[in-house]
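Just below is one structure, and these are the notes that go with it.
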Amino acid sequence: MRFFNFEELESTNDFLKNNAELFQEYDIVTARIQTKGRGRRGKVWFANEGAAIFSFLINERKDLNSYDYIKLPLIAGLATIKGLKKIENLNYMFKWTNDVYLNKKKLSGILVEKAGSNFIIGIGININNNIPIQVKNTAVSLKEITGITYSLFTVISSVVDSFSKLYDDFEKGKWKEIIEEINHMNYLKNSPTSLKIGDKYIEGIAQNINIDGEIEIFYEGKIHTFSMGEIV
């Protein structure tokens with residue numbers, strides 16, 4: 001695990017994708033400021049100075065098929081929670097498919113992208129940054145909760161170390177145990193949920209995340225499963 005720290009980048013994910021041949025597995029690229037950060041579906045990920053903004057690279061495994069990699073955002077979400085718990089043991093929750101919540105507000109977002117024979121895991125965590133007034137109702141930082149200023153290096157190292165251990169477990173066939181742990185932290189479970197798929201909206205009550213990494217939603221008298229979509 002090597003750190004490559006930058007004052008400013010457009011996107012840590014893009015930097016790794018464009019220079020993947022220069023990096024080894026679990027090398028970490030960080031940026032104090034990210035000017036064109038983005039989340040899933042091209043959404044802007046805004047995080048001002050003091051946030052942990054980083055990406056790391058993992059190699060594609062020959063013994064895993066392409067469908068297995070759909071589960072990477074869930075593994076990264078659990079790794080983020082486990083890594084954060086080593087710093088502050090708070091009640092973090094995982095929101096399908098790629099967010100971590102604290103006190104019912106977004107603390108972290110995750111973006112996984114394919115780059116040749118590699119996968120880029122991009123994570124942004126609100127740690128020491130002040131949350132802008134326009135998103136105060138929906139986002140939170142760790143420092144705002146505890147009043148403590150944290151070492152971003154320590155936080156990032158803890159998260160990536162947790163990911164490497166979970167990814168090793170995943171390769172060893174321990175996905176059932178991983179998904180059970182995720183469901184113990186399932187932010188949406190038993191809550192009214194609206195899922196947007198294209199122009200269609202599904203309204204129901206969220207249940208577990210199933211063994212395939214899909215969200216289960218109860219509506220029209222039965223449970224339906226979804227592998228994609230946006231929770232709105």
Residue in the stretch 136-144 that is in contact with a Leu (Cβ under 9 Å, 6 or more places away or on another chain), in contact (Cβ under 8 Å) with a residue 24 or more places away in the chain and in a strand (DSSP E or B) present: yes
Set E203, E181, E177: member being acidic (D, E), within 28 Å of G229 (Cβ to Cβ), over 18 Å from the mean Cα position of the chain (by Cα) and part of a helix (DSSP H, G or I): E177
Residue check, K196 surrounded by 12 or more Cβ atoms within 10 Å (Cβ to Cβ), under 29 Å from N129 (Cβ atoms) and among the basic types (K, R): yes
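When the stretch 122-131 is examined, which residues are found to be part of a loop (DSSP other than H, G, I, E, B) and open to solvent by less than 40 Å² (accessible area, probe 1.4 Å)? Explain how you work it out, then say what you get.
Our first condition is that a residue be part of a loop (DSSP other than H, G, I, E, B); within the stretch 122-131, this holds for 126-131.
Passing the criteria: N126, I127, N128, N129, I131.
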Residue that is most open to solvent (accessible area, probe 1.4 Å) [pool: residues in the stretch 19-44 that are touching a Ser or Thr at 6+ places or on another chain (Cβ under 9 Å) and at pLDDT below 90]: K36
Selected residue (criterion: surrounded by the fewest Cβ atoms within 10 Å (Cβ to Cβ)) from residues of the stretch 132-158 that are β-branched (V, I, T) and under 18 Å from the mean Cα position of the chain (by Cα): T138
Total residues in the stretch 88-121, condition closer than 15 Å to F163 by Cα and open to solvent by 30 Å² or more (accessible area, probe 1.4 Å): 1
Cross-chain or 6+ apart pairs with Cβ under 7 Å, the stretch 1-15 first and open to solvent by 50 Å² or more (accessible area, probe 1.4 Å), then basic (K, R) and not in a strand (DSSP E or B): E10/K36
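The values are calculated or read from the model by the stated rules, or taken from the named source; none is laboratory data. A quick note: this is a predicted structure, and the numbers were derived from the prediction, not measured. Every residue, glycine among them, receives a Cβ derived from its backbone with ideal geometry; neighbour counts consider all protein chains shown. These area figures cover heavy atoms from the full protein model, side chains too; ligands, DNA and RNA do not enter into them. Shrake-Rupley method; radii C 1.70, N 1.55, O 1.52, S 1.80 Å.
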